[in-house]
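Contents: one structure, followed by commentary.
The values are calculated or read from the model by the stated rules, or taken from the named source; none is laboratory data. These numbers were taken from a predicted model, which means no experiment stands behind them. Positions of Cβ are backbone-derived with ideal geometry, glycine not excepted, and every protein chain shown enters the neighbour counts. Protein only, heavy atoms only, side chains kept; ligands, DNA and RNA dropped before computing areas. Shrake-Rupley method; radii C 1.70, N 1.55, O 1.52, S 1.80 Å.
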Amino acid sequence: KKDLFVVGSSNWITECSKKSSLLKDKNHATIPNPVDSDIFKPIDKNLAREIWNLPKSKKIILFGTVNPLSDERKGFKQLVQSLQKLSSKNNIELVIFGSVKPREVPDFPFQAHYVGYVNDDVSLATLYSSADLALVPSLQENLPNVAIESLSCGTPVVAFNVGGIKDIIEHKVNGYLAKPYDVDDFANGIKWILDNPNYNELCQNARKKILKEFDSKIVARKYIKLFNEILSIKKEKEREHNKK
């Protein structure tokens, strides 16, 4: 249909659609996936760590995905390589959620906690809040929920600058965008955030970004605005048709 509107959840996916042979002649708009900021919100870090039995004196970095070993696009190999460039002297511990502990455990330079699948959003919010930093090493990505949910909980994110991730992360404002597939830069991003003297400001910026652009109420208003625009266009076409 000529009047079809295609809504992409990121600027990257919208541009991909505009270049496709099937959809290039259609109308396009970009509206992100929403997050419930009343659920995914900052929770006292010490309390969150008590809930998950995590050490309060360590720097906790968080990684979450389903079946990371079977999907190369999730960048688990690059994650391991990046973390191996860090040292146990950095006082770091890793938390992995979304998958069970593999039979062959990667050689991390520090302790890793496997917490398995997290089935409810409230528990997931406490997990994000327990961390100092979340990692999204995806090699290909549209608009990852982990990044949105983490920032909504006030936890900065390090990710490769690919796909739609730049819609979520503002480099050195609420996280760190590493050069694509560069494990050295990814490791530098981790250290940059963990050692940042303005860390609290990064956390505040993370939350502000979500409230401004990704909160479910904001996204709902964007859809309402788009629907009204589509209706106006349709009514205008009907008026022109009736004149004929």
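Exposed loop positions in the chain were taken to be GluC sites (Glu not before Pro) whose DSSP state is not H, G, I, E or B and which have at most 16 other beta-carbon atoms within 10 angstrom. Between these positions, the longest stretch is 1-103.
Charge tally for A147 (other residues, Cβ to Cβ under 14 Å; Lys, Arg +1; Asp, Glu -1): -1. Taking every C-alpha pair closer than 8 Å and separated by at least 6 residues, the mean separation divided by the residue count of the chain gives a relative contact order of 20 percent. Here the accessible area of the stretch 106-200 is 43 percent carbon and sulfur, with a 1.4 angstrom probe and all protein chains present. Think of the chain as having a plus end and a minus end, set by charges on the Cβ of Lys, Arg, Asp and Glu; of G164, N119, C153, G164 sits farthest toward the positive end of this dipole. Taking amide H atoms as placed 1.01 Å from N in the peptide plane, the amide H of V6 lies under 5 Å from those of N27, H28, A29, each 5 or more residues away in sequence or on another chain. Quickly estimate the mean residue ellipticity at 222 nm for the chain, helices only: each DSSP H run with n ≥ 4 gives -39500 (n - 2.57), and the total goes over all residues, rounded to 500. Calculated from helices alone, the mean residue ellipticity at 222 nm is -12500 deg cm²/dmol. Taking a straight Cα-Cα cut-off under 12 Å and skipping sequence neighbours fewer than 8 places away in the same chain, the aspartates and glutamates within cross-link reach of K45 are D132. Where (i) 21.5; (ii) 18.6; (iii) 19.3 are the candidate values, the label of the one calculated here for Kirkwood radius over Cα pairs in Å is (iii). Note on K237: lysines with a C-alpha under 24 Å away, same-chain residues under 8 apart excluded, are K1, K2, K18, K24, K26, K222, K225. Hey, what do the phi angles of the stretch 73-79 turn into as Karplus ³J(HN,Hα) couplings, whole Hz, using 6.51/-1.76/1.60 and θ = phi - 60°, x for Gly and Pro? Couplings: 5, 6, x, 5, 4, 5, 4 Hz. Per residue, the accessible area of the chain comes to 54 Å² when a 1.4 Å probe rolls over the protein heavy atoms. How far is helix 199-213 tilted off the main Cα axis of the chain, in degrees rounded to 10, range 0 to 90? The angle comes out near 20 degrees. Assuming charge only on the beta carbon of Lys and Arg (+1) and of Asp and Glu (-1), the dipole of the chain about its Cα centre is about 900 debye to the nearest 20. If the reach is capped at under 20 angstrom between alpha carbons, list the aspartates and glutamates near K217, excluding any in the same chain fewer than eight residues apart. Partners found: D36, D38, D121, E149, D167, E229. Between I190, I230, I148, the Gaussian network model of the chain with springs among Cα atoms under 10 angstrom shows the greatest mean-square fluctuation at I230.
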